[in-house]
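*Asks:* Have a look at this one.
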Amino acid sequence: MQNVEIAQLFEELADLLEIQGANVFRLRAYRNAARSLESMTASITDLVEQGQSLTELPGIGKDLAEKLVTIVQTGELPQLNELRSEVPAGVVQMLRIPGLGPKRVAQLFKELNLTTLEALKAAAEGGEISKLKGFGAKTTQMILEGLELIAQAGNRYYLADMQPSVEDIVKTLGALPCVEQVSAAGSFRRRKETVGDLDVLATSTDHAAVMDALAGHALVEKVLARGETKQRVRLRSGIELDLRVVPNESYGAAMQYFTGSKEHNIVIRRRAQERGLKVNEYRVFRDEQYVAGRTEEDVYAAVGLPFIPPELRENRGEIERAERGELPKLLELSDMQGDLHMHTTATDGTASIREMAEAAKARGLKYIAITDHSKRVTMANGLDADRLRAHWREIDKVRSQVSGIEILCGIECDILEDATMDLPDDVLAEADWVIAVLHYGLKQPREQINKRLMTAIQNPYVSVIGHPSGRIIGKRPGADISFDDILKAAFDHGVMMEINAHRSRLDLDEVHAAAAKDRGIPIVISTDAHSVHGFDEMQFGVFQARRAGLEAQDVANAQSFEQFKKRLRRGRA
């Protein structure tokens, strides 16, 4: 099992125990263990199989170590199975509603016997919930809004969470002697933020052997359907995966067809018809005669186009740009030279300044900015002016001790609900790099949200607007922002915009990142790393940038440090 899958089991266990009112310290142990597992690069499965002691891992005691061994060896956890039988699945689903924590869910379950989302909605609309102690009309409305958000999101999974599983399956199938080509397709290949299912294509001389290998894969829970060329399975994570085995001469056509998007493919088929051709998942043909299909390049060439990168295939102007020969040279992960948003033990990070700098250097980065929270974020031990200045002095010490990487003194400063900054200008003026963010009051009216963002943009010491909308994908909608006004102001005042690379944020989204590019606003892609492993999130920010059509020249921290410094509005003496 993948680390992320084991972590999900611990998170579910903690949720179920909290619904039942378990001890808070016990819950914290499971949640801390889940976070440790998600950030680990070493495979728990490998460690167990090698007989290594798991109690040496951070946050893992004897009891948790035993549970980890059980999970690896059996694929399940008896205690979790028991709790699942006691708490209906619909009750657990209620935890997906923003603001509705386990204690409230437990109250709804025990006092109103609500066991499904449908029953929850009916109780909210019928006024039953507002009568419960501690709820009221405001909470009832929050529940209804949360249910609508869940309905819109559907049963989707973060791209980043699915990537290890897809890569493992592709690697396993690719190692079979009978497999010649294998790759992921679908929305996963287009690098969408979330995916509803997965697609894998392969060419092989032995279809049955490929399907048998997938059916027997450790990540596969159940085979749902199987034919001569297609197999559908459900992974242990819950997502379903389609495997299609096609002939070599159809591989390119199948990749183009099953990568999508639907809207992009409609235009491709129309272009084919205009040329007297037809396109399907097997080939491009004229009067039943094979024209192309072995490679995607051949398929696009047949309809008069160059190869179009998968990330751009959304019918958002990529066809027209391809016709004009104006497709962008998309940003690559290897282009990234700096990371300008991260946290240390000074606030809610798990590593020291030096550890973060050394980890960034080991990943080939040339410069970073340490940007711990300002004081408004009390739950993260945010910094006031005195602590921040002392923190910067510590950064200066590390800067003199660590060679081969530049370290900027920064701050992630909250834009307060009353449209003022969380720290005074005389403090911000001393920073190398200031990220202004919205963390609280995201449901304020558009007028107030825009006023807050304008305050930050017009502040002479703000460098960039971080995760601008404040959204958490599938869990919390972003603030209501007039992006036209905000992007115009950002350009006028020389303020950059961030793509926060964290898998649950990816904010700016690709549409607004493309709009920022069109206005000439430099984009910064940063990880928001809270540990040394957090730097690995950079790839997902790059995926988002590629979907926006960004090139290296559009991204400020894809430039050398000398080039980047020229874009700064100020610097510390």
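*Asks:* Return an integer: the convex hull volume of the alpha-carbon atoms of the stretch 157-246, in Å³ per residue.
*Replies:* On the way: hull volume 6.9 nm³, N = 90.
Considering the Cα atoms of the stretch 157-246, their hull volume per residue is 77 Å³.
*Asks:* Please compute the contact order of the stretch 3-152 in relative form: average sequence separation of alpha-carbon pairs under 8 Å and at least six residues apart, divided by the residue count, as a percent. Intermediate results must be reported in sequence, preceding the final value.
*Replies:* Details: 133 pairs, mean separation 30.5, N = 150.
Relative contact order, the stretch 3-152: 20 percent.
*Asks:* What order do you get for 499-511, 128-140 when each peptide is scored by the mean count of other beta carbon atoms within 10 Å, highest first?
*Replies:* Details: 499-511: 24.0, 128-140: 14.5.
The peptides rank, most packed first, as 499-511, 128-140.
*Asks:* Distance between Cα centroids, the stretch 259-300 to the stretch 63-136: provide it in whole Å.
*Replies:* Between the Cα centres of the stretch 259-300 and the stretch 63-136 lies a distance of 48 Å.
*Asks:* Please give every one of the aspartates and glutamates within straight-line cross-link reach of Lys131, meaning a C-alpha to C-alpha distance under 17 Å, and leave out same-chain neighbours fewer than 8 residues apart.
*Replies:* List returned: Glu111.
*Asks:* Can you tell me the convex hull volume per residue for the stretch 373-491, based on C-alpha atoms, in Å³ to the nearest whole number? Show your work: numbers first, answer last.
*Replies:* Values: hull volume 15.0 nm³, N = 119.
So the per-residue hull volume is 126 Å³.
*Asks:* Give the shape of the stretch 487-544 as rounded, prolate or oblate, defined through the alpha-carbon gyration tensor: a ≥ b ≥ c are the square roots of its eigenvalues, a/c under 1.5 means rounded, and otherwise the shape is prolate if a/b is larger than b/c and oblate if not. Kindly include the intermediate steps, with their values, before the conclusion.
*Replies:* Values: a/c = 3.06, a/b = 2.03, b/c = 1.51.
Prolate, because a/c is 1.5 or more and a/b exceeds b/c.
*Asks:* While we're on this one: Place a label point 7 angstrom from the Cα of Glu562 along the Cα-to-Cβ direction, then list the residues of the stretch 340-372 whose backbone nitrogen is under 16 Å away.
*Replies:* Zone members listed by number: 366-367.
*Asks:* Can you give the % of DSSP beta bridges in the chain that are antiparallel, to the nearest 5?
*Replies:* On the way: 27 of 56 bridges.
Looking only at bridges with both residues in the chain, the antiparallel portion is about 50 percent.
*Asks:* Largest first and in whole Å, what are the equivalent-ellipsoid semi-axes of the stretch 250-323 based on the Cα gyration tensor, each being the root of 5 times an eigenvalue? Intermediate values should be presented prior to the final figure.
*Replies:* Details: eigenvalues 65, 33, 21 Å².
Semi-axis lengths for the stretch 250-323 are 18, 13, 10 Å.
*Asks:* Using bins 5 angstrom wide from zero, how does P(r) for the stretch 370-429 break down, in % of all Cα pairs?
*Replies:* Going out from 0 Å in 5 Å bins, the stretch 370-429 shows 4, 18, 27, 22, 14, 9, 5, 1, 0 percent.
*Asks:* How large are Rg and Dmax for the stretch 207-257 when calculated on the C-alpha trace, in angstrom?
*Replies:* 11.6, 33
*Asks:* Ignoring solvent entirely, what values of log10 I(q)/I(0) come out of the Debye formula for the stretch 225-280 at 0.16, 0.17, 0.19, 0.20 Å⁻¹ when each Cα is a single scatterer?
*Replies:* One equal scatterer on each Cα of the stretch 225-280 leads to -0.65, -0.70, -0.81, -0.86.
*Asks:* Show which aspartates and glutamates lie in cross-link reach of Lys375 when reach means a straight Cα distance below 17 angstrom and same-chain residues fewer than eight apart are skipped.
*Replies:* Asp348, Asp384, Asp386, Glu412, Asp414, Glu417, Asp418, Asp422, Asp425, Asp426, Glu430
*Asks:* Assuming 0.36 nm per residue, please report the length gained on full extension of the stretch Ser400 to Glu297 beyond their Cα-Cα distance.
*Replies:* My answer for the length gained is 32.0 nm.
*Asks:* Starting from the Cα of Glu49, step 7 Å toward the Cβ, then list every residue of the stretch 60-83 with an amide N under 18 Å from that point.
*Replies:* Counting backbone N atoms under 18 Å from the label point, the list is 68-76.
*Asks:* Output the direction-averaged projected area (hull surface divided by four) of the convex hull of the alpha-carbon atoms of the stretch 333-567, in nm².
*Replies:* The directionally averaged projection comes out at 11.1 nm².
*Asks:* Something else about it: Applying 1/(1 + (r/R0)^6) with R0 = 35 Å to the Cβ-Cβ distance of Glu118 and Asn315, what FRET efficiency is obtained, to the nearest 0.05?
*Replies:* Approximately 0.50, to the nearest 0.05.
*Asks:* Hey, which of these cross-link pairs are over 25 Å Cα-Cα: Lys133/Lys451; Lys103/Lys138; Lys230/Lys278; Lys366/Lys566?
*Replies:* Flagged as over cut-off: Lys133/Lys451.
*Asks:* How high is the relative contact order of the chain, in percent, with contacts defined as C-alpha pairs under 8 Å that are six or more residues apart?
*Replies:* 10 percent
*Asks:* So, in nm, how far is label Ser352 from label Ser85 when the simple model puts each one 7 Å beyond its Cα toward the Cβ?
*Replies:* Each label point is offset 7 Å from its Cα along the Cβ direction, giving 5.0 nm.
*Asks:* Subtract the Cα-Cα distance of Glu447 and Ala218 from 0.36 nm times their separation in residues, and report this length gain in nm to one decimal. Walk me through the numbers before you get to the answer.
*Replies:* Working: separation 229, 0.36 × 229 = 82.44 nm, distance 5.18 nm.
Full-extension gain reported as 77.3 nm.
*Asks:* For the chain, with every protein chain kept in place, what is the accessible area per residue (1.4 Å probe, Å²)?
*Replies:* Roughly 44 Å² per residue, with all protein chains present.
*Asks:* Let me ask something additional. Taking 0.36 nm per residue of separation and subtracting the Cα-Cα distance, what length does fully extending Arg324 through His493 add? Write out the running numbers ahead of the final one.
*Replies:* Working: separation 169, 0.36 × 169 = 60.84 nm, distance 3.28 nm.
Computed gain between Arg324 and His493 is 57.6 nm.
*Asks:* Okay, moving on. In a solvent-free Debye calculation with one equal scatterer on each Cα, what is log10 I(q)/I(0) for the chain at q = 0.07, 0.11 Å⁻¹, listed in the order of the q values?
*Replies:* So the normalised log intensities work out to -0.48, -1.20.
*Asks:* OK, next. If I compute solvent accessible area with a 1.4 Å probe over the protein chains, what percent of it on the chain is carbon and sulfur?
*Replies:* 48 percent
*Asks:* Please report the relative contact order for the stretch 250-323, taking Cα pairs under 8 Å with a sequence separation of at least 6, and give it as a percent rounded to a whole number. Write out the running numbers ahead of the final one.
*Replies:* Values: 110 pairs, mean separation 25.7, N = 74.
Relative contact order here is 35 percent.
*Asks:* Go through the stretch 330-343 residue by residue and turn each phi into a ³J(HN,Hα) via Karplus (6.51, -1.76, 1.60, θ = phi - 60°); whole Hz please, and just put x for glycine and proline.
*Replies:* Along the stretch 330-343, the couplings run 4, 4, 10, 4, 5, 6, 6, 10, x, 9, 10, 8, 6, 10 Hz.
The values are calculated or read from the model by the stated rules, or taken from the named source; none is laboratory data. Note that the structure is predicted; figures quoted are calculated from it, not measured. So basically every Cβ, Gly included, is an ideal-geometry build from the backbone, and we count neighbours across all protein chains shown. Heads up: the accessible areas ignore ligands, DNA and RNA and are worked out on the full protein's heavy atoms, side chains in. Shrake-Rupley method; radii C 1.70, N 1.55, O 1.52, S 1.80 Å.
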